[in-house]
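Worksheet: the structure to be examined is printed underneath.
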């Protein structure tokens, strides 16, 4: 009897065609792939025959209510590191094993730099207006127009100088930017190692930067860390970039701040309640919004799924009599 392993939210239909899929060659594992983003109410029926579930990052939440309706489920594999998307206590109580993997900082760091470049030059606005037949315009209303700017000689603020933030700091130096870091003691230590200035005062940090890029892990302490008052401390021509987690910013605070004029623009890859939560940002004239693609590229997927498929195979092989 075959083992059914379901991959959820494979939006691009790519995971079965990765080289990583060969990890399952010769096994009795049946790969079951769901391409759509299903509503929570549809998940119990969709996963009723699944022996294992592979999550692509945090695209689906496995709540206690859902897990209690899946008596066949024996294993959950999270691509990348474990997150709050899984109710770990419920899994332990229900006897469901959990596995996670590793990621690479390269893809999100490169996407962050892409957004810094595109956001500073107002690329999203230019492309949107060009698609509507307008030339060299970024907004429908002339009184809201603003020119972009080059990065050379300007200041990049990195809030959270971990693995990703450190790579972004290197890119910034290559483009002739000054780099200032802010965050915990670990960021201060990394700043010293990298020869980067560290600004401990949050408002001073925010007020002096042309671009601020968030690179914080989402924890109970960092959830909602960035407040309306913090955003108001940014300059009217500044750019805020967020490729980390939408929940780092208080709900609604960023759109309100943009409407108030500080910061002047934002480039974001992450949203609350994805994908529906992205709509308000995509419609805003001062926002460049990408559909959470910081990790969505071939090398990262190969890393994620080679680990995930191997973990699935090893788990079920170990359970055979």
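Structure notes:
- Region 41-51, residues that are within 12 Å of residue 8 (Cβ to Cβ) and surrounded by fewer than 13 Cβ atoms within 10 Å (Cβ to Cβ): 42
- Test: residue 177 is in contact with a strand residue (DSSP E or B) (Cβ under 6 Å, 6 or more places away or on another chain), modelled with pLDDT of 95 or more and within 19 Å of residue 120 (Cα to Cα): yes
For every residue, the table says whether it meets (1) over 21 Å from the mean Cα position of the chain (by Cα); (2) buried (at least 21 other Cβ atoms within 10 Å of the Cβ).
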position	(1), (2)
232	yes, no
235	yes, no
247	no, no
282	no, no
289	no, no
293	no, no
299	no, no
309	yes, yes
317	yes, no
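- Meets criteria (part of a helix (DSSP H, G or I) and either more than 30 Å from residue 26 (Cβ to Cβ) or in contact with a helix residue (DSSP H, G or I) (Cβ under 6 Å, 6 or more places away or on another chain) (or both)) for residue 218: no
- The residues of region 56-95 that are in a strand (DSSP E or B) and either within 16 Å of residue 310 (Cβ to Cβ) or in the same structural domain as residue 274 (by TED's automatic domain parsing) (or both), listed by number, are 75, 76, 77, 78.
- Residue within region 158-168 that is over 15 Å from residue 116 (Cβ atoms), at pLDDT below 95 and touching a strand residue (DSSP E or B) at 6+ places or on another chain (Cβ under 9 Å) present: no
- In region 226-321, counting only helices (runs of 4 or more DSSP H) that sit wholly within it, the ones holding 2 or more residues that are touching a helix residue (DSSP H, G or I) at 6+ places or on another chain (Cβ under 6 Å) and either at pLDDT 95 or above or outside the structural domain of residue 29 (by TED's automatic domain parsing) (or both) span 228-232, 253-260, 298-318.
- Spans of helices (runs of 4 or more DSSP H) in region 96-209 with at least 1 residues closer than 30 Å to residue 316 by Cβ: 106-120
- Within region 16-35, tally of residues that are within 23 Å of the chain's Cα centre (by Cα) and modelled with pLDDT of 95 or more: 5
The values are calculated or read from the model by the stated rules, or taken from the named source; none is laboratory data. Given the structure is predicted, the values throughout are model-derived calculations rather than measurements. FYI the Cβ positions are ideal-geometry reconstructions off the backbone, even for glycines, and counts take in every protein chain you see.
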